[in-house]
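The values are calculated or read from the model by the stated rules, or taken from the named source; none is laboratory data. Note that this is a predicted model, so its numbers are computed, not measured. All Cβ positions, glycine included, derive from the backbone under ideal geometry; neighbour counts span all protein chains shown.
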Number of protein chains: 2
Amino acid sequence: MKLLDCTLRDGGYYTNWDFDQELVDQYILAMNDLPVDYIEVGYRSKPMKNYLGEYFYCPLYLLRRIREKSTKKLTIILNEKDVRAEDVPGLLGPLDGLIDLIRIAVDPKNIGRAIQLAEAIKSAGFPVAFNVMYMSSWKDTPEFIEELVNMDGLATYFYMVDSYGGVYPKDVAETIALVRSKTHVPLGFHGHNNLELGLINTLTALEHGVEIVDATITGMGRGAGNLKTELLLTALSAQEKVSVNYNSLSKAVEPFAKMQKDYEWGTNLPYMVSGANSLPQKDVMSWMGKNRYGLDTIVNALHNQKNNISDN
Amino acid sequence: MKLLDCTLRDGGYYTNWDFDQELVDQYILAMNDLPVDYIEVGYRSKPMKNYLGEYFYCPLYLLRRIREKSTKKLTIILNEKDVRAEDVPGLLGPLDGLIDLIRIAVDPKNIGRAIQLAEAIKSAGFPVAFNVMYMSSWKDTPEFIEELVNMDGLATYFYMVDSYGGVYPKDVAETIALVRSKTHVPLGFHGHNNLELGLINTLTALEHGVEIVDATITGMGRGAGNLKTELLLTALSAQEKVSVNYNSLSKAVEPFAKMQKDYEWGTNLPYMVSGANSLPQKDVMSWMGKNRYGLDTIVNALHNQKNNISDN
């Protein structure tokens with residue numbers, strides 16, 4: 001079992017990938033004392049038009065500072081839709097010796113292109129992991145499942161991502177069996193928490209042989225957010241599967257818990273409705289962020305989306 | 001399947017059982033439009049020394065006002081430790097025609113005395129339900145399980161209460177089987193949310209034949225709180241097991257979500273640690289409420305408690 005904490009990467013959806021250096025230092029040092037294997041620092045991206053903070057680009061000075069302080073393996077993630085194989089030398093070449101795993105966030109419809117990108121990353125000397133979205137829809141896309149034979153020998157980990165936060169433990173077990181019918185690649189699971197199923201889905205994944213799982217401190221992450229690292233560690237510690245220094249865990253949680261009062265990540269009625277009905281949380285996050293709409297307005301808008309999707 | 005919303009009763013742990021009349025009216029009217037069968041209004045109690053608000057006593061004027069506005073069945077709950085069979089005529093006699101079910105909160109070690117109380121309540125003309133605490137410890141107390149034969153013909157519902165918020169779905173299924181080995185009484189489940197397992201435990205209970213389950217709006221309730229009514233309704237609605245008016249559900253949620261920003265109920269690291277290790281949340285709630293202790297101090301105090309419990 002390996003644990004990956006992606007608080008800075010996924011939490012960046014709330015802060016536009018800006019974080020105070022003091023907060024990050026406290027987080028990194030606390031993580032050094034905790035049974036977490038990988039820290040995901042952020043995205044690595046080509047220049048974008050709109051403003052995005054430093055954890056969206058992960059410049060070298062930032063990675064070097066974290067590399068010096070952290071005793072953990074470090075990862076960054078690429079948005080597959082924005083990066084091509086030919087970008088790899090320029091984007092990743094300088095990261096040699098700083099980063100231990102490159103993850104790519106992939107829409108299953110782009111899996112063919114993602115495989116080319118992964119091959120380029122591997123040629124550049126980095127282990128590579130696929131974080132493939134929309135696991136709840138895979139059973140309806142056999143052409144995607146057929147591609148999974150290409151994971152063997154290429155991917156260090158193949159992650160199933162519950163993008164909508166709507167899967168249940170039995171869906172996790174079924175999807176693992178579906179993926180296992182095509183590939184022996186080590187599996188990962190990245191859950192969202194719209195229906196407060198992050199913990200039970202993740203524990204179910206581990207029971208069914210998944211080797212690596214993601215979490216974030218306080219669940220900080222896009223929309224309803226993720227499985228909380230402190231919840232996973234507390235549950236695994238009570239089962240005597242890991243040993244937790246609760247002073248360090250408290251130190252990791254405290255500054256993020258403080259920020260959460262302002263940014264208010266976590267689930268709520270609109271995110272529950274989007275999760276339960278497999279609707280994207282991007283729109284909900286935008287509506288919630290405007291602070292202009294009542295819950296009823298947002299939930300009605302979601303229901304219109306749901307009906308349109310059903311009608312088409 | 002029956003649903004019971006006990007927001008006012010369980011939420012009172014945060015407001016000392018005081019609620020604005022306007023808030024309660026909005027809640028009661030919204031509930032009229034929702035697929036909830038019972039509303040629990042509060043405790044009914046003999047005078048206590050310290051100050052407790054009106055939803056801890058449920059005086060007649062309060063119950064009459066709610067009875068006029070609500071189209072639902074109404075319940076109140078008694079703390080078994082504070083009420084004896086001889087108190088029943090004075091305490092419950094006036095509620096004839098106002099209240100549809102009397103629940104009693106019972107420590108399993110007092111089950112014998114609770115049965116006498118339940119008989120008195122039944123003689124006074126009220127259906128009675130047992131809410132029995134500490135379900136995680138029942139498998140170690142066969143003398144309690146033997147008493148369950150007395151439920152048949154006496155109790156309208158026998159509730160299993162996950163007092164510490166530490167049970168998992170497989171524990172729910174096992175406890176149901178244990179109880180079912182002794183009684184045919186209709187079962188209920190009341191979950192807490194320390195480990196964010198309220199929803200999955202409740203759905204598991206329903207799948208295993210439990211007939212009635214509890215929830216509270218926004219999860220408002222002692223310590224880490226309860227399964228959220230809006231989460232349960234959204235999940236059941238997506239499974240097409242209930243039909244939900246989301247405008248009404250939003251109206252029920254909105255005022256409590258506003259209060260939650262001040263009172264901050266819900267799970268956090270100390271409640272996770274108490275749940276995962278079966279420690280009472282009463283102490284954690286008191287320490288959190290003082291706003292004087294860091295998370296690390298509270299978590300260390302919990303660990304000392306845990307070690308003392310293990311040593312004895």
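Just a few scattered comments:
- A search for C-beta distances below 8 Å between a residue of region B:135-154 that is touching a residue at least 60 places away in the same chain (Cβ under 8 Å) and any residue that is of a type in the set (Phe, Trp, Tyr), counting only pairs 6+ apart in sequence or on different chains, returns B:Ser136/B:Tyr164.
- Within region A:194-206, residues that are more than 14 Å from B:Thr234 (Cα to Cα) have Cβ atoms under 9 Å from residues that are of a type in the set (Lys, Arg) in these pairs: A:Gly198/A:Lys228; A:Leu199/A:Lys228; A:Thr204/A:Lys170; A:Leu206/A:Lys241, counting only partners at least 6 apart in sequence or on another chain.
- Sole exception among (1) under 27 Å from B:Asp5 (Cβ atoms); (2) in contact with a Lys or Arg (Cβ under 6 Å, 6 or more places away or on another chain) for B:Asn247, by number: (2)
- Hey, A:His184 buried (at least 20 other Cβ atoms within 10 Å of the Cβ) and within 22 Å of A:Lys2 (Cβ to Cβ) or not: no
- The criterion of being modelled with pLDDT of 95 or more, closer than 30 Å to A:Met272 by Cβ and not basic (Lys, Arg) does not hold for B:Gly153.
- Cβ-Cβ distances below 9 Å connect the following pairs, each with a first residue in region B:287-300 that is polar (S, T, N, Q), a second residue that is at pLDDT 75 or above, and a separation of six or more residues or different chains: B:Thr297/A:Ser250; B:Thr297/B:Trp287; B:Asn300/A:Tyr246; B:Asn300/A:Asn247; B:Asn300/A:Ser250.
- Here region B:180-196 is the region considered, the condition is being in contact with a helix residue (DSSP H, G or I) (Cβ under 6 Å, 6 or more places away or on another chain) and of a type outside the set (Lys, Arg), and the residue that is nearest to B:Glu119 (Cα to Cα) is B:Val185.
- Residue in region B:275-285 that is facing chain A (nearest Cβ under 9 Å) and not polar (S, T, N, Q) present: yes
- Residue in region B:295-311 that is assigned to a loop (DSSP other than H, G, I, E, B) and at pLDDT below 95 present: no
- Within region A:121-148, being buried (at least 19 other Cβ atoms within 10 Å of the Cβ), of a type in the set (Gly, Ala, Ser) and more than 16 Å from A:Arg180 (Cα to Cα) holds for one residue alone: A:Ala129.
- Number of positions in region B:4-24 that are surrounded by fewer than 15 Cβ atoms within 10 Å (Cβ to Cβ) and either acidic (Asp, Glu) or not in a loop (DSSP other than H, G, I, E, B) (or both): 4
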